[in-house]
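This is the structure, below, for whatever I ask next.
The values are calculated or read from the model by the stated rules, or taken from the named source; none is laboratory data. Just so you know, these numbers come straight off a predicted model, no measurement behind them. Positions of Cβ are generated from backbone atoms using ideal geometry, with glycine treated the same way; all protein chains shown enter the neighbour counts. Accessible surface areas use protein heavy atoms only, side chains included; no ligands, DNA or RNA. Shrake-Rupley method; radii C 1.70, N 1.55, O 1.52, S 1.80 Å.
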Amino acid sequence: MKNKIESGLFGVAVGDALGVPYEFLSRHQMKESPAVDMIGYGTHNQPKGTWSDDSSLTFCLAETLAEGYDLQKLANRFVNWKEQNYWTPHGEVFDIGIATSIAIHELHCGKDPVLAGGDTEDSNGNGSLMRILPLLFYIKDMPIKERFQRVKEVSSLTHRHIRSVMACFIYLEYALQLYNGKNKDEALKQMQEIVKSFFENAEIPQSEIDRFHRILSIKVGEYDVQDLQFLSEAEIFSSGYVLNTLEAAIWCILLEDNYKDTVLKAVNLGSDTDTTAAVAGGLAGIYYGIDNIPEKWIDNLVRSNDIKDLADRLSKKLMGNE
Ligand SMILES: [Mg+2]
């Protein structure tokens, strides 16, 4: 378990740091000058190895879980990050999503954590998906109903709409299959079966389930079911919309066969490069393990030792419970 916690956290942060210099560049621009290695500066003018909000909030969750599941403490850490630059690479928040910013303001004002996130259809950016991975290590042995409940709670601090919750849940259910040692194609099939039957019994609107048809392999209307890995790049979008990010991240995993190529593929899709790569990187980290993440990228990562220490603390806490 320890190594997968470490490779999951580094998987997110390395993907994030690779994407930061390219955030907002179009796919066309990425095609003209593709990302091939970790670089500095670019969009946010940050030195090489600088990770962003995706990793900061991921670390806030990991650190909270290292003490115990507590939504108020998680909320406090989010506020601390936004207001006091807690868990930032260089003592400065340089990237924050609109929905996340509004929700953290609500948390700062004392709102109940599970009611702080936006719940409208247009509040479905990828801001909770990008930070949800560490929850896997806490919920992995729970019954599915409880896993869903915890995912719903943790997403709701910033993203409370059912679509964001479902995206986070699907992501962690896929990660769980990878964690348990299934190969990535088998893991996808298993996840689809488990999630589809859970959603059908959980009284989730069919219209929302159908939105995930490409990930869950569901037939909608007269369209044939098409497996995600057979979709062309032109059919994969990499905006900040949660559904786009989830599809793109899983697509990258399915198409590549190592950590490095998976996250570079995610970055080279353009647009929300850091988050697509962070989400794909979390899965790839768990699947391929820490030794498959290029060592120089881990060494280049800002506060690499602090991240390692955090992984150790979370491992110790969760293994202590077993
Ligand atoms: Mg970011």
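Do any residues in segment 1-29 that are more than 19 Å from Leu264 (Cβ to Cβ) have Cβ atoms under 7 Å from those of residues that are open to solvent by 30 Å² or more (accessible area, probe 1.4 Å), where the two are at least six apart or on different chains, and which pairs are they?
Met1/Met319; Lys2/Met319; Asn3/Ile290; Glu6/Ile290; Glu6/Lys308
Tally the residues that are in a helix (DSSP H, G or I), open to solvent by 20 Å² or more (accessible area, probe 1.4 Å) and either of a type in the set (D, E, K, R) or in contact with a Phe, Trp or Tyr (Cβ under 6 Å, 6 or more places away or on another chain) (or both), restricting the search to segment 176-200.
7
When you scan segment 235-250, do you find a residue that is closer than 26 Å to Asp122 by Cβ, among the aliphatic types (A, V, I, L, M) and either open to solvent by 10 Å² or more (accessible area, probe 1.4 Å) or over 12 Å from the mean Cα position of the chain (by Cα) (or both), even just one?
yes
Tally up the residues in segment 271-293 that are of a type outside the set (Val, Ile, Thr) and within 16 Å of the ligand (Cβ to nearest atom), please. Walk me through how you get there before you give the answer.
Pass one, segment 271-293, residues of a type outside the set (Val, Ile, Thr): 271-272, 274, 277-278, 280-285, 287-289, 291-292.
In the following step, the residues that additionally are within 16 Å of the ligand (Cβ to nearest atom) were identified as 271-272, 274, 277-278, 280-282.
Of the residues in that region, 8 qualify.
In addition: Looking at segment 113-128, can you tell me whether even one residue there is surrounded by fewer than 22 Cβ atoms within 10 Å (Cβ to Cβ), not in a loop (DSSP other than H, G, I, E, B) and not aliphatic (A, V, I, L, M)?
Taking every residue of segment 113-128 in turn, none turns out to be surrounded by fewer than 22 Cβ atoms within 10 Å (Cβ to Cβ), not in a loop (DSSP other than H, G, I, E, B) and not aliphatic (A, V, I, L, M).
Taking Glu106 and the conditions (1) more than 16 Å from the ligand (Cβ to nearest atom); (2) in contact with a Lys or Arg (Cβ under 9 Å, 6 or more places away or on another chain), which numbered condition does it fall short on, given that it satisfies the others?
If we test Glu106 against (1) more than 16 Å from the ligand (Cβ to nearest atom); (2) in contact with a Lys or Arg (Cβ under 9 Å, 6 or more places away or on another chain), just (2) comes out false.
Just need a number here: residues in segment 289-307 that are open to solvent by less than 50 Å² (accessible area, probe 1.4 Å) and at positive phi. Don't jump to the end; show me each part of the working.
Initial filter on segment 289-307 (open to solvent by less than 50 Å² (accessible area, probe 1.4 Å)): 289-290, 293-294, 297-298, 301-302, 304, 307.
Going one step further and asking which of them are at positive phi, we end up with 289.
Number satisfying all stated conditions: 1.
Between Asp261, Asp291, Asp257, Asp299, which is over 17 Å from the mean Cα position of the chain (by Cα), outside any helix (DSSP H, G or I) and within 30 Å of Gly42 (Cβ to Cβ)?
Details: Asp261 fails: outside any helix (DSSP H, G or I); Asp291 fails: outside any helix (DSSP H, G or I); Asp299 fails: outside any helix (DSSP H, G or I).
From the options Asp261, Asp291, Asp257, Asp299, the qualifying one is Asp257.
If you don't mind, there's one more thing I want to ask. Inside segment 1-101, counting only helices (runs of 4 or more DSSP H) that do not spill past its ends, which hold 1 or more residues that are surrounded by fewer than 18 Cβ atoms within 10 Å (Cβ to Cβ) and within 13 Å of the ligand (Cβ to nearest atom)?
Numbers: elements: 2-19, 27-32, 53-67, 71-84.
In segment 1-101, no matching helices (runs of 4 or more DSSP H) lie anywhere.
Then there's this: Quickly run through segment 203-224 and pick out the residues that are in contact (Cβ under 8 Å) with a residue 40 or more places away in the chain, in contact with a Lys or Arg (Cβ under 8 Å, 6 or more places away or on another chain) and open to solvent by 30 Å² or more (accessible area, probe 1.4 Å).
If the condition is that a residue be in contact (Cβ under 8 Å) with a residue 40 or more places away in the chain, in contact with a Lys or Arg (Cβ under 8 Å, 6 or more places away or on another chain) and open to solvent by 30 Å² or more (accessible area, probe 1.4 Å), then Arg211 is the only one that fits.
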